[in-house]
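Notes to accompany the following structure.
The values are calculated or read from the model by the stated rules, or taken from the named source; none is laboratory data. If you're wondering where the values come from, they're calculated on a predicted model, not measured in any experiment. Glycine also receives a Cβ, built like all others from the backbone with ideal geometry; neighbour counts cover every protein chain displayed. Ligands, DNA and RNA are excluded from the accessible area calculation, which covers all protein heavy atoms including side chains. Shrake-Rupley method; radii C 1.70, N 1.55, O 1.52, S 1.80 Å.
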Amino acid sequence: MRKPFKIFLMTTGGILGTLLIAVVAFTSLSPQLGGKPTKVDKEVYIKSGHYNAKEGEFVNLIPTREMTGGSMPSVMWKFLFHKSKQAAPPGPLPTQPLDSLAITQKPAEMVRVTWFGHSASLVEIAGQNVLLDPMLSVEMGPVSWATPNRYNRSLAIAPEKLPPIAAVLISHDHYDHLDYATVRKIKDKVGHFYVPLGIGPHLRRWGVPNAKIVEMNWGDSARVANGLTVRCTPSRHFSGRGLGNRNSTLWCSWVMQAPAKRVFYTGDGGYGPHFAAIGRQYGPFDLALVECGQYNESWADIHMKPEQSVQAARDVRAAVMLPVHWGAFTESLHAWNEPVTRATAEAARLGQPITTPHLGEPVTLGTELPKSRWWE
């Protein structure tokens, strides 16, 4: 009996080993992983003050753990067998189609924000179109069967139908924020991609001309047009698209400052003192798009709970909070609508104005804000 069992083990091990090699080879060759920094690039990173040259990694302003509770096997076990029964909605979420013509016709003084689900949003400010973390694909990453499914099989607008975009702002290089397919579809209609340090090599590999890429360190600013300035500000997170490039690119939040209005986007990240610092230096803000979703006790340092998200909006001195990072993918254990349910309750408790638009429903500052509880 020993010989057949030994043959079975050898055969099974060989099959699993071959599959592992195939997966590693595929993901290593896939353009989705992006590019690699040059020696010159790394010299710039070292000068940023936020890069550990010895480890080859960017670091946070304060000590930050990617895992705060339990071992990786125990966390994986929870994700496999202890997800909420309402982890995904029972069907597609209500979506308001966005007309590209409406985007092209607007007064310069108007500020309008349209959320597409997860963190992808269009900010119309100072007469300019600014796209935030435009993950506008239905599938995610190089191996779609291994990544979360999008709730809706279509979005409020296809990337091909977007009008010219003055600026694309990327917060970090995770697949749910920096999407290869979307970048390939919109790169010719984008004026400039403003990205944290290290993401330039990804975009260059995907065919974006170097002249269109502006890599920025925390504290850097750039003029877009019509008096619009974008500022790269800190967040508390991590990065990486493959097995061997953990924290090889910087992560950030963004300030959009027009002559009369200011908008803030947190990007992803845990709660920390950087929000109050940003509020003091660049606030108050007319609107803040705040990460609110995909949190877990094991990720306490790198993702905010909804109550912390509301506090972050207050820290940056936001007149209105728009919760994002939910409504598209299930990436954690909580119910799909728990983030917005908890956030609206905490906002009411603290007196923080909050807007909760449908997917694709424009939020125009100075008009009545969407506040329906459509997720219930």
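Go through the stretch 266-284 and count every residue that is in a helix (DSSP H, G or I) and either touching a His at 6+ places or on another chain (Cβ under 6 Å) or over 11 Å from LEU61 (Cβ atoms) (or both).
Final tally of qualifying residues: 7.
Counting residues that are closer than 23 Å to VAL138 by Cβ, which strands (runs of 3 or more DSSP E) fully inside the stretch 165-254 reach at least 3? Explain how you work it out, then say what you get.
Values: elements: 165-169, 190-196, 213-216, 221-223, 229-233.
Ranges flagged: 165-169.
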- Message: Quick test for you: out of ILE165, ILE186, pick the one residue that is under 30 Å from ALA88 (Cβ atoms), open to solvent by less than 10 Å² (accessible area, probe 1.4 Å) and not acidic (Asp, Glu).
- Response: ILE186
- Task: Give the residues of the stretch 158-180 that are in contact with a Leu (Cβ under 8 Å, 6 or more places away or on another chain) and free of Cβ contacts under 8 Å to residues at least 40 places away in the same chain, sorted by residue number.
- Result: ALA158, PRO159, ILE165, VAL168, ILE170
- Message: So ALA288 passes all but one of these: (1) of a type in the set (A, V, I, L, M); (2) outside any strand (DSSP E or B); (3) crowded, with 22+ Cβ neighbours inside 10 Å. Which condition number does it fail?
- Response: (2)
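Is it true that some residue in the stretch 274-282 is touching a strand residue (DSSP E or B) at 6+ places or on another chain (Cβ under 6 Å), surrounded by fewer than 24 Cβ atoms within 10 Å (Cβ to Cβ) and free of Cβ contacts under 8 Å to residues at least 40 places away in the same chain? Break it down into steps so the answer makes sense when it comes.
Quick first cut of the stretch 274-282, residues touching a strand residue (DSSP E or B) at 6+ places or on another chain (Cβ under 6 Å) only: 278, 282.
With surrounded by fewer than 24 Cβ atoms within 10 Å (Cβ to Cβ) added as a condition, the list becomes 282.
So of that shortlist, the ones also free of Cβ contacts under 8 Å to residues at least 40 places away in the same chain come out as none.
For the stretch 274-282, residues touching a strand residue (DSSP E or B) at 6+ places or on another chain (Cβ under 6 Å), surrounded by fewer than 24 Cβ atoms within 10 Å (Cβ to Cβ) and free of Cβ contacts under 8 Å to residues at least 40 places away in the same chain: absent.
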- Hey, TYR295 within 16 Å of the chain's Cα centre (by Cα), aromatic (Phe, Trp, Tyr) and open to solvent by 40 Å² or more (accessible area, probe 1.4 Å) or not: no
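For the condition farther than 15 Å from LEU169 by Cβ and small (Gly, Ala, Ser), what is the one hit in GLY267, GLY200, GLY219? Let's see the steps before the verdict.
Numbers: GLY267 fails: farther than 15 Å from LEU169 by Cβ; GLY200 fails: farther than 15 Å from LEU169 by Cβ.
It is GLY219.
If you take the residues of the stretch 303-314 that are in a loop (DSSP other than H, G, I, E, B) and buried (at least 24 other Cβ atoms within 10 Å of the Cβ), which of them is farthest from the chain's Cα centre (by Cα)?
Among those residues, the one meeting the criterion is MET304.
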- Message: Any residue that is basic (Lys, Arg) and touching a helix residue (DSSP H, G or I) at 6+ places or on another chain (Cβ under 7 Å) - is there at least one of those in the stretch 187-205?
- Response: yes
- Can you tell me which residue among ARG231, ARG317 is buried (at least 20 other Cβ atoms within 10 Å of the Cβ) and without any contact (Cβ under 8 Å) to a residue 60 or more places away in the chain? ARG231
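Test of understanding: among GLU361, GLU368, GLU331, which residue is out of contact with any helix residue (DSSP H, G or I) (no Cβ under 7 Å at 6 or more places or on another chain), without any contact (Cβ under 8 Å) to a residue 12 or more places away in the chain and open to solvent by 30 Å² or more (accessible area, probe 1.4 Å)? Full working, then the answer.
Values: GLU361 fails: without any contact (Cβ under 8 Å) to a residue 12 or more places away in the chain; GLU331 fails: without any contact (Cβ under 8 Å) to a residue 12 or more places away in the chain.
So the residue among GLU361, GLU368, GLU331 that is out of contact with any helix residue (DSSP H, G or I) (no Cβ under 7 Å at 6 or more places or on another chain), without any contact (Cβ under 8 Å) to a residue 12 or more places away in the chain and open to solvent by 30 Å² or more (accessible area, probe 1.4 Å) is GLU368.
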- Under 7 Å between Cβ atoms, at least 6 apart or on separate chains: pull out the pairs that start in the stretch 184-203 with a residue that is closer than 20 Å to GLY240 by Cβ and end on any residue that is open to solvent by 10 Å² or more (accessible area, probe 1.4 Å) and of a type in the set (Lys, Arg). PHE193/LYS212; PRO201/LYS36
- Task: Please specify each residue of the stretch 206-228 satisfying the condition of being over 22 Å from GLN128 (Cβ atoms) and surrounded by 15 or more Cβ atoms within 10 Å (Cβ to Cβ).
- Result: TRP206, ASN217, TRP218
- Within the stretch 336-357, the residues that are out of contact with any Gly (no Cβ under 9 Å at 6 or more places or on another chain), part of a loop (DSSP other than H, G, I, E, B) and surrounded by 18 or more Cβ atoms within 10 Å (Cβ to Cβ) are GLN352, THR355, THR356, PRO357
